[in-house]
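Accompanying notes for the structure given below.
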Amino acid sequence: MSTISSAQEAGALRWPGAARRARPAGQATPSRTAGREVTPGMLAAHGFLRGMPREQLARLAPAASLVTIPARTRLFEDGGYATRFWLIRSGSVALDLHVPGKGWAIIETIGLGQVVGWSWLFPPYTWAFGAVTLQQTEAFEFDGPAVRALCDTDPALGYQVTRRFLTVLAHRLQATRLRLLDQRDVSGRDGPGTY
């Protein structure tokens, strides 16, 4: 993870670096909230996992860490290898995408009760967007390969996790569709950046 400097942050829709670049294998991890073990009860209170059976939450808890991530920290970049996901407890994260010739564009802002990252679940495990914290953010950070292994050995858990992530994907696809429609002007002609 990298923290964005004031000099790099030139506007609300631009983020560091004009070109996509791969993350080094030894990337920094966010600061950990000391002394807080993740319990099934803590996970049950999160909107994304609400209603999941307690025994399944107990299986997921060891794959999670409670983390506090400073503002303007890049979690991942489009095209990088996806190994984690986060359930947001407080703060917010911008999903972004580098648009060649235009810079970084925010796709969606994720906040309390929502999830960041689904690419860890589906091969080839490559991030489809980038993500950066907009403010200090507390989240449950999950080890994606560990959760995949749990899902492989417990089909009922795998179903619950996959169903929840597919709901997120459907929502994000619809949100992206609405944003694309908003780019068309009132007369029906294509707006800037459309064909």
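What follows is calculated from the coordinates using simple rules that are stated; it is not laboratory data. Predicted model only: the values in this text are computed from it and were never measured. Methodologically, a virtual Cβ is constructed for each residue, glycine included, from the backbone with ideal geometry; neighbour enumeration extends over all protein chains shown.
Here are some notes:
- Shape of region 34-99, Cα gyration tensor, a/c cut at 1.5: prolate
- Relative to the current alpha-carbon distance between Glu37 and Arg50, full extension at 0.36 nm per residue lengthens the span by 2.8 nm.
- In region 30-180, Rg over Rh equals 0.96, where Rg is the alpha-carbon radius of gyration and Rh the Kirkwood radius from pairwise Cα distances.
- Electrostatic tally near Gly158: other residues with Cβ closer than 15 Å to its Cβ, Lys and Arg +1, Asp and Glu -1, net +1.
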